Amino acid sequence: MDPYFILTLFQHGYKVRTSTLYHLLKGKRTSSVLIYGFMYQNLRFFQLTPELTESQFNKLVNTLLEEQLLNKDKDGDVQLTVAGDELLKSQKNAHQWINNYRFGKTDEEIWRFLQFMVQVVSHLSYNNKQYVPLEQSPLYQGHLKKRITSLPRAELIKKLKTDWYSVFSQLSKEEADYFAMQFSGYQQIGKTAFQLLDETIAPFDRYLLKKERLHHLLFLIENLAETSFLKETIQPFLQKNENQSMNETKLLLKEHLSVEEIAWQRKMKQSTIQDHLIELALTEQIFIDRYISAETYHYLDKLQTPCEQWIYRSLKKENDTLDYFEYRLYQIQKLRKERDV
């Protein structure tokens, strides 16, 4: 991994602990790690480097410290330096489309399926049965059969063409060519991503570029109309990225139940349900207000410093009734309003 990629994870400018950042990149799914990712706008890099060891990560951070691109204070917190900020501003790699939290678990699986579907429908449109399918796995074949038999052939071909035209028209020519050239079909054999990417690019940078392009594609498909054939097709794969236990809790939120009532119904600890609510609040609009007391609102509303700089243990000394769960929900709600998300 390039140490300068690590530098981008500090571009928020706040002092942070590097150990939590490491757990984020590894994919440790705890509420504290996910909150950290959300607060410092790094949640999209969740589980981006699951093979990274802590010693490797620390070596990368130390390199940046030695180059004075990062600075560590006496408490062990690390922050971007002026030199580090200037270097970042000179770089072009924004990684704006990478969203490993949303797509990372199944992104390659989805892309393989989409390639397989394009191949099969292409041959189907020419009534050709003499070809070797890209996928033999029942996982892909079963889902594909279900999808392509859900519509009359002519309608299927028309819908698929319309959806792909809509997606490709929103991509740059370079991105559109990159994906189109990987498709196989009637009288066409697709290339691999490896063949299409510049071989002079470092392996980790190629990995990031693949993620960037694929997640942009998936974002566009996910934002097609609700009745889109492509969007409906990838939904089962996207759901695998989600915390399924959390989704069961989400269903009970519609009944306006308290944390205690949800925990009782699900036979779980209240702390587990609270973790579910916090994770939901990170990416979705849920009814947070009912879980935050008027006293907590009144106390936290008075704080003047940015909430990214708040330290719970310090605030708890000031106000010993401050509840951690309510504190975190308030922080998330405040940041979502400020970021208009």
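Laid out as a table, the results:
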| item | result |
| --- | --- |
| Simple Cβ-charge dipole of the range 197-243, Lys/Arg +1 and Asp/Glu -1, about Cα centre, in debye nearest 20 | 80 debye |
| Backbone HN-Hα couplings from phi across the range 81-91 [Karplus 6.51/-1.76/1.60, Hz, Gly and Pro as x] | 8, 4, 5, x, 5, 5, 5, 4, 5, 7, 8 |
| Residue order, fewest to most beta carbons within 10 Å, for Val78, Val33 | Val78, Val33 |
| Taking all pairs of distinct alpha-carbon atoms in the range 3-94, Kirkwood radius in angstrom | 13.2 Å |
| Gaussian network model of the chain, springs between alpha carbon atoms under 10 Å - residue of Ile148, Ile278, Ile311 with greatest fluctuation | Ile311 |
| Cα gyration tensor shape for the range 107-239, rounded if a/c is under 1.5, else prolate or oblate | prolate |
| Count, lysine Cα pairs under 26 Å in the range 244-339, 8 or more residues apart or across chains | 16 |
| Check: the range 247-341 dipole with +1 on Lys, Arg Cβ and -1 on Asp, Glu Cβ, in debye | 160 debye |
| Residue among Lys269, Lys231, Lys15 with the largest mean-square fluctuation in a Gaussian network model of the chain, springs linking Cα atoms under 10 Å | Lys269 |
| Efficiency of FRET between Lys302 and Arg153 - r from beta-carbon atoms, R0 56 angstrom, step 0.05 | 0.30 |
| Leading residue at positive end of dipole, the chain (Cβ point charges), from Gln119, Phe183, Trp264 | Gln119 |
| The range 244-339: Rg to Rh, with Rh as the Kirkwood radius over Cα pairs | 0.98 |
| Theoretical ellipticity at 222 nm over the chain - DSSP helices of four or more residues, -39500 (n - 2.57) apiece, nearest 500 | -17500 deg cm²/dmol |
| 20 Å Cα-Cα reach of Lys89 towards lysines, excluding residues that sit fewer than 8 places from it in its own chain | Lys15 |
| Low-density loop positions, chymotrypsin sites (Phe, Trp or Tyr not before Pro), the range 74-178 - DSSP coil, at most 12 other Cβ in 10 Å | Tyr126 |
| Estimated FRET transfer efficiency when R0 is 41 angstrom, pair Val82-Asn223 (beta carbons, to 0.05) | 0.60 |
| Among Leu303, Leu277, Leu197, residue whose mean-square fluctuation peaks in a GNM of the chain (springs only between Cα atoms under 10 Å) | Leu303 |
| Calculated from backbone phi, Karplus (6.51, -1.76, 1.60) coupling profile of the range 149-161 in Hz, x at Gly/Pro | 8, 7, 9, x, 3, 4, 5, 4, 4, 5, 4, 5, 4 |
| Nearest-20 debye value, the range 107-239 charge dipole, Cβ charges on Lys, Arg, Asp, Glu | 620 debye |
| Pairs beyond 21 Å (Cα-Cα), from Lys105/Lys129; Lys191/Lys211; Lys26/Lys191 | Lys105/Lys129; Lys26/Lys191 |
| For the chain, projected area of the alpha-carbon convex hull averaged over all directions, nm² | 21.1 nm² |
| For the range 107-144 and the range 180-234, distance of Cα centres in Å | 15 Å |
| Long-range amide H partners of Gly185 with built H, under 5 Å | Gly190 |
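Every number in this text was worked out from the coordinates using simple rules, so none of it is lab data. Computed from a predicted structure; not experimentally measured. Here the Cβ is made from the backbone with ideal geometry for all residues, glycine too, and neighbour counts use every protein chain on show.
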